[in-house]
Amino acid sequence: MPDRYKSVLLFGAPGAGKGTQGKILGRIPGFFHLACGDVFRSLDMTSDLGKEFLNYSSRGELVPDELTIQMWKQNMHAQTVLSLFKPKQDLLVLDGIPRNVGQAKALEKSLDVLRVIHLRCNDEGAMMMRMRRRALKENRIDDADERVIRNRFEVYHAETLPVLDFYPPAIVADIDAMGSPAQVFQRVLDIVVPVQDAHFNRPSTAAQ
Ligand code: ADP
């Protein structure tokens, strides 16, 4: 068993902006971003696994834990083998996983969670609007239907929010998810930069 991956979790309701922030962060050397939903969406939708994913996501439900964890582990392994993710140099930024307490427990052996960044937004109307806009732009059928969106929020409250209590309160950072992507990103950086400094020895890029 290799060392556990040093990680930060991007956490928040659907539409809170985890993916947007994760993608920006993932462009910076020393961070590696992996969104569980992106891994699922990259599956061949005619394969058994792809069909299973569609079956759950089209209803706004979570894919069963065993399948999710297995797929996540395989993907992490592949990213590591390809050297896209370098565990000794990169802080892993996860978004969309763990999504319930069962997954958090199942990942304990694989993850050293240094920080949980809770993108907090009390305005569900605003998040729903973001999701509808994204559904049209990114062709995401799961977010185009009002009932499915509502169900996703219900699942978030019932299954995902309890994950916050699974981790020690001292590592959970609440940040305001309202504002422009750049404003929110500034808040995210305030949290992750000290984590990276404390755990990784990064040569300055100017010398490379
Ligand atoms: P968003 O970014 O809008 O919150 P995602 O792209 O993360 O949504 O997820 C899309 C769908 O993929 C979910 O509704 C769910 O069906 C499935 N999914 C993603 N991550 C997980 C996970 N960790 N466990 C179970 N299902 C997941």
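For the reader, a short list of remarks on this structure follows.
- Residues of the stretch 157-190 that are out of contact with any strand residue (DSSP E or B) (no Cβ under 8 Å at 6 or more places or on another chain) and among the small types (Gly, Ala, Ser): Ala158, Ala170, Gly179, Ser180, Ala182.
- Flag for Gly22 being surrounded by fewer than 16 Cβ atoms within 10 Å (Cβ to Cβ) and in contact with an Asp or Glu (Cβ under 6 Å, 6 or more places away or on another chain): no
- Answer residue from the stretch 73-112, given it is within 24 Å of Ile149 (Cα to Cα) and part of a helix (DSSP H, G or I) and is nearest to the ligand (Cβ to nearest atom) among those: Gln103
- Which listed residue is more than 17 Å from Gly37 (Cβ to Cβ), surrounded by fewer than 12 Cβ atoms within 10 Å (Cβ to Cβ) and modelled with pLDDT under 85, from Glu124, Glu138, Glu146: Glu146
- Within the stretch 1-58, being without any contact (Cβ under 8 Å) to a residue 60 or more places away in the chain, among the polar types (S, T, N, Q) and within 15 Å of the ligand (Cβ to nearest atom) holds for Ser42, Asn55.
The values are calculated or read from the model by the stated rules, or taken from the named source; none is laboratory data. Note that this is a predicted model, so its numbers are computed, not measured. In this analysis, Cβ positions are derived from the backbone assuming ideal geometry, glycine residues included, and neighbour counts consider all displayed protein chains.
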